[in-house]
């Protein structure tokens, strides 16, 4: 195949939305490099559910011509509900509608986007080892970047390299010294299948949506997925290596989960003092567990000079990794793709060979996109950090209620 002139690093939501939007606008001279070996979800792939917002995630699907399929076949419009409890098991509040934010499984969203672009545009099994800036003289093809993959191959000759490769982006170092910082908070993820002893309790409290139990600088969250099973998340303020350190004596993932399960329910510093009906979600949670340390990019670190690496930019977590406490990470990333695609079409034109675009036009497009992205990204990072502070406080219930002050509260307790 002829070499492409646009390289999208990462086949997550932002990278795939950008690929689809390029297709829609007749810019087909691109390739997506993805570390997964295939489109089949792997055992370690993050597998929760996402709520898509009208002005960002839903907007991206509308621009991509995919909203009707999403809305009619995949969106769970009844899942925008939330039940809040305290550590004693008492109900703080129930919200029957937290806005027009339907849920969709991560794997479903990815499948929707993958099916919308030609399969030959994805290079599976191409995890990035490093990206080198290379030379940029008159004899250089493209922007001089050389992409080295973990499979031992490399690629170059691109006019545009878009880093959509997540928190630990390999592209980021080309244009920014920013590094992710551990937030001090960690999630441990398990599941409740249909025959789990705690399934009926989850169904009663979370229903088709979500449940959160808050207090004592910890949290427990339950959310339903499209097949009816529930994901459970135990949120802790602990060192980054907590899970590995506490379960280091075991090799088998399920044995590790058993050790963590016992520790969480027996330690007074963790969940030992929580109500029995709440601890049951931990005791019955099915492994193997997945530890999820939460990292973010400091908001003051977001931004770079446009001339540092011509023809290179970032999207999503690669640019503005934030904590997941306002539910907008994927939405903001998808919005990035919308703005970047619009700027490329505006300055570089659609329906044409991208290789012929003037560098000044490409840089103008990237500059306009980044100025917009910086504002949204910094705002998201700050709001997510503040929300995390509230969620993991000793007074989390009342503080969280302030965040939902505009929601439809159908019941409230103490």
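The values are calculated or read from the model by the stated rules, or taken from the named source; none is laboratory data. Small disclaimer: the values here were computed from a predicted structure and weren't measured. So basically every Cβ, Gly included, is an ideal-geometry build from the backbone, and we count neighbours across all protein chains shown.
Could you please give the count of residues in the range 208-227 that are at positive phi and at pLDDT 95 or above? Qualifying residue count for the region: 0. Evaluation of residue 109 against the conditions (1) under 22 Å from residue 325 (Cβ atoms); (2) in the same structural domain as residue 330 (by TED's automatic domain parsing); (3) out of contact with any helix residue (DSSP H, G or I) (no Cβ under 7 Å at 6 or more places or on another chain); (4) part of a helix (DSSP H, G or I) shows that the sole unmet condition is (3).
Of the residues making up the range 369-378, those that are without any contact (Cβ under 8 Å) to a residue 60 or more places away in the chain and either surrounded by fewer than 23 Cβ atoms within 10 Å (Cβ to Cβ) or over 12 Å from residue 302 (Cβ atoms) (or both) are 369, 371, 372, 375, 376.
For (1) out of contact with any strand residue (DSSP E or B) (no Cβ under 8 Å at 6 or more places or on another chain); (2) part of a strand (DSSP E or B); (3) in the same structural domain as residue 353 (by TED's automatic domain parsing), each residue gets a yes or a no:
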| site | (1), (2), (3) |
| --- | --- |
| 41 | yes, no, yes |
| 54 | yes, no, yes |
| 58 | yes, no, yes |
| 72 | yes, no, yes |
| 93 | no, yes, no |
| 120 | yes, no, yes |
| 126 | no, no, yes |
| 130 | no, yes, yes |
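Answer yes if at least one residue in the range 134-148 is surrounded by fewer than 20 Cβ atoms within 10 Å (Cβ to Cβ) and modelled with pLDDT of 95 or more, and no otherwise. Yes. Pick from the range 387-397 the residues that are surrounded by fewer than 17 Cβ atoms within 10 Å (Cβ to Cβ) and in contact with a helix residue (DSSP H, G or I) (Cβ under 9 Å, 6 or more places away or on another chain): which of them is farthest from residue 214 (Cα to Cα)? Step by step, filter the range 387-397, then rank; the result is 389.
Considering 263, 294, 270, the condition of being in a loop (DSSP other than H, G, I, E, B) and touching a helix residue (DSSP H, G or I) at 6+ places or on another chain (Cβ under 9 Å) is satisfied by 270 alone. Report whether or not residue 103 is closer than 30 Å to residue 277 by Cβ and modelled with pLDDT of 90 or more. Considered against the rule, which asks whether it is closer than 30 Å to residue 277 by Cβ and modelled with pLDDT of 90 or more, residue 103 comes out as yes. In the range 98-122, the residue that is nearest to residue 169 (Cα to Cα) out of those that are buried (at least 18 other Cβ atoms within 10 Å of the Cβ) and over 18 Å from the mean Cα position of the chain (by Cα) is 122. From the list 300, 240, 286, which residue is under 29 Å from residue 181 (Cβ atoms), at pLDDT 95 or above and surrounded by 16 or more Cβ atoms within 10 Å (Cβ to Cβ)? After ruling out the rest, the residue left standing is 240. Does residue 326 count as at negative phi and assigned to a loop (DSSP other than H, G, I, E, B)? The answer is yes for residue 326. The set of residues in the range 155-172 that are assigned to a strand (DSSP E or B) and touching a residue at least 40 places away in the same chain (Cβ under 8 Å) comprises 155, 160, 161, 162, 163. Within the range 57-73, being closer than 19 Å to residue 327 by Cβ and buried (at least 19 other Cβ atoms within 10 Å of the Cβ) holds for 57, 58, 60, 61, 70.
Step by step: first the residues of the range 173-208, then only those that are outside any helix (DSSP H, G or I), in contact (Cβ under 8 Å) with a residue 24 or more places away in the chain and farther than 26 Å from residue 384 by Cα, then the one that is farthest from the chain's Cα centre (by Cα). Which residue is that? My answer is 197.
When each of 256, 279, 250 is tested for being closer than 13 Å to residue 190 by Cβ and either free of Cβ contacts under 8 Å to residues at least 40 places away in the same chain or assigned to a loop (DSSP other than H, G, I, E, B) (or both), the lone residue that passes is 256.
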